[in-house]
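Take a look at the structure set out below.
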Amino acid sequence: MADAYIVDAFRTAGGRRRGRLAGVHPALLAAATLDALVDRTKIDPSAIEDVIMGCVTQAGEQALNIGRHAILESRLPLSVPAVTIDRQCGSSQQALQFAAQAVMSGTQDVVVAAGVESMSRAALGLSLPPEAGNPRTAAVLDKFGIARFSQFEGAEMIATKWGFTREQMDAFGLESHRRAVAATQAGAFDDEIIPIEVTLPDGTTEMHVRDEGIRYDSTLQSMASLQPLAPGGALTAATSSQICDGSSAALIVSERALKEHGLVPSARIVNLTITGGDPVIMLEEPLFATEKALKRAGLSIGDIDLYEINEAFASVPMAWLQHHKADPERLNVNGGAIALGHPLGASGTKLMATLIHALAARGKRYGLQAMCEGGGMANVTIVERL
C-alpha cells in the first residue's frame with residue numbers, strides 16, 4: 001500500500017469560552033486555518049481534492065456541513081468539496097485518518113484534514129434541545145445497568161480504578177500549565193500557530209497568537225481550593241480540559257503529489273488505529289487502542305519518542321502512562337488540554353500540529369497521538385518525522 005505524508009499542520013491559538021475568539025464565526029475560524037495551510041505549504045489550492053472537517057456540535061452556526069461553509073468563506077476555489085464528520089473528541093484525528101486512507105488507497109493524492117469548534121458560539125448540548133428526544137433508549141441504559149452515560153463519571157471511575165488521588169491529579173494538572181508556560185515563553189508554538197484577527201471590546205483589532213487558557217500563576221494551593229466536579233469526586237476544573245474555541249488543519253498527500261507539487265513532507269504516517277470499548281468507563285479506551293497500534297506497527301512503547309495523549313481529564317493520560325509504563329518526560333511535552341484547551345472537533349489535527357512540530361524541534365523520530373472519545377472509542381495515529 002502507498003504511503004501517506006503530512007506536509008504540515010497548523011492551528012489557531014486556543015480561545016477561552018467567551019474569550020478572544022468568541023466573536024469569530026466558526027466558518028471564518030475554520031477558513032482562516034485553511035487559507036494559512038495553503039499559504040504556508042504553497043500547495044496549489046485547485047489541487048486539493050477534498051476537505052474532511054471534524055466538528056462535534058453540528059448545530060446552529062456549525063450546522064449544515066460546516067466544512068463546506070468554511071471553504072466558501074476561504075480563498076479555496078469552489079471546486080474543492082468538503083464533508084463534516086463527528087467522532088466526538090477524535091473528529092479531526094479521524095479526519096486525518098480518513099484523508100490518509102484516501103491517499104494510501106490511491107483514490108486521492110491531496111486531501112486536507114481539518115477541524116473546528118467554537119464552544120462559545122455553539123455550546124455543548126446545542127445539537128440536542130430537550131424537545132428533540134434522547135439518542136439513547138431506556139433499553140440500552142438497562143443493558144449496561146446505568147442511569148446515564150457520563151464522561152465525568154467515567155473519568156472518576158478511571159481515577160478510582162487506577163488509584164489516583166486528588167493530590168496526584170492536581171500535580172499533573174499543574175505540570176500541564178508549567179509545560180505550556182515554558183513552551184509559550186520559548187516560542188515552541190510559533191511555527192504551528194496561525195495568527196487570526198480578533199476585535200477587542202473597545203473596537204480595535206489585533207492578532208490572536210497565544211493560547212488564552214494557560215494560567216501562568218497556577219499553584220497547587222490555588223488548585224486545592226476548587227470544588228470537585230461531582231460530590232465526593234477527585235477531579236476538578238483544574239484537572240479537566242478547558243472549554244475552547246479553535247480550528248486546525250493538516251495537508252495529507254501521496255508520494256506522487258510530493259513530486260508533482262514540489263512539497264517537502266514533515267512526517268510519514270506509520271499507523272492508523274481506531275477501536276471501541278466499554279462505553280461506561282468510556283475514556284479508558286486509548287490504553288488498549290495504543291496496544292493494538294503498536295503491535296500493528298511493529299513498535300514498542302520505548303520506540304516512541306513523543307506522545308500526545310489528550311488531557312480530557314488528568315486521570316486519562318495518567319492511566320495511559322501507568323498502563324504502558326511509559327516515560328512521563330515524553331508525554332505532552334508542551335502541555336496539554338488542561339492548560340491549552342480542548343476545542344473538541346479541532347483537537348485531533350491540533351494535537352498533530354503540536355506533535356510534528358515538537359518532533360522536529362527535538363530531532364526525534366516517532367510520535368504517537370491518542371484521543372479518548374465519547375461512547376468508549378479511541379483513535380491512535382503513529383507518525384515518523386522526516
Query raised in the report: Residues in the range 153-174: is at least one in contact with a strand residue (DSSP E or B) (Cβ under 6 Å, 6 or more places away or on another chain) and open to solvent by less than 20 Å² (accessible area, probe 1.4 Å)?
Result: yes
Query raised in the report: Consider Gly187 against the criteria (1) out of contact with any Lys or Arg (no Cβ under 7 Å at 6 or more places or on another chain); (2) on the phi < 0 side of the Ramachandran plot; (3) not hydrophobic (A, V, I, L, M, F, W, C): it satisfies all of them except one. Which criterion is unmet?
Result: (2)
Report summary line: Only one of Ala59, Ala13, Ala31 is aliphatic (A, V, I, L, M) and open to solvent by 10 Å² or more (accessible area, probe 1.4 Å), namely Ala59
Query raised in the report: Considering the range 324-358 alone, what residues qualify as being of a type in the set (Val, Ile, Thr) and farther than 22 Å from Gln94 by Cβ?
Result: Val333, Ile338
Query raised in the report: Name the residues in the range 64-80 that are open to solvent by 10 Å² or more (accessible area, probe 1.4 Å), without any contact (Cβ under 8 Å) to a residue 40 or more places away in the chain and not hydroxyl-bearing (Ser, Thr, Tyr), would you?
Result: Leu64, Asn65, Arg68, Pro77, Leu78
Report summary line: Met53 vs (1) open to solvent by 10 Å² or more (accessible area, probe 1.4 Å); (2) of a type in the set (A, V, I, L, M, F, W, C); (3) under 17 Å from Ala95 (Cα atoms): all pass except (1)
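Residue by residue, here is whether (1) of a type in the set (Lys, Arg); (2) touching a Ser or Thr at 6+ places or on another chain (Cβ under 9 Å) holds:
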position: Arg87; (1), (2): yes, no
position: Val110; (1), (2): no, yes
position: Val116; (1), (2): no, yes
position: Leu124; (1), (2): no, yes
position: Ser127; (1), (2): no, yes
position: Ala139; (1), (2): no, no
position: Glu167; (1), (2): no, no
Report task. Starting from the range 197-215, take each residue that is open to solvent by less than 50 Å² (accessible area, probe 1.4 Å) and list its partners that are among the polar types (S, T, N, Q), counting only C-beta distances under 8 angstrom and pairs at least six apart or across chains. Result -> Val198/Thr205; His208/Thr12; Asp211/Thr184; Gly213/Gln242; Ile214/Thr184
Report task. Filter the range 81-101 down to residues that are within 22 Å of Gly276 (Cβ to Cβ) and aliphatic (A, V, I, L, M) and give me whichever is surrounded by the fewest Cβ atoms within 10 Å (Cβ to Cβ). Result -> Val83
**Report entry** Residue in the range 374-385 that is more than 20 Å from Lys161 (Cα to Cα), touching a helix residue (DSSP H, G or I) at 6+ places or on another chain (Cβ under 6 Å) and of a type in the set (A, V, I, L, M, F, W, C) present
**Finding:** yes
Query raised in the report: Which numbered condition trips up Ser300, out of (1) open to solvent by less than 10 Å² (accessible area, probe 1.4 Å); (2) of a type in the set (S, T, N, Q); (3) on the phi < 0 side of the Ramachandran plot?
Result: (1)
Query - Selection count where residues are part of a loop (DSSP other than H, G, I, E, B) and in contact (Cβ under 8 Å) with a residue 60 or more places away in the chain, scope the range 151-188 - result: 3
Report task. For the range 109-122, state whether one or more residues are open to solvent by 20 Å² or more (accessible area, probe 1.4 Å) and either touching a helix residue (DSSP H, G or I) at 6+ places or on another chain (Cβ under 7 Å) or free of Cβ contacts under 8 Å to residues at least 24 places away in the same chain (or both). Result -> yes
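The values are calculated or read from the model by the stated rules, or taken from the named source; none is laboratory data. Only a predicted model underlies this, so the values are computations on that prediction, with no experimental measurement involved. Glycine gets a Cβ as well: all are built from the backbone with ideal geometry, and neighbour counts include every protein chain shown. Please note that ligands, DNA and RNA were not included when accessible areas were found on the heavy atoms of the full protein model with its side chains. Shrake-Rupley method; radii C 1.70, N 1.55, O 1.52, S 1.80 Å.
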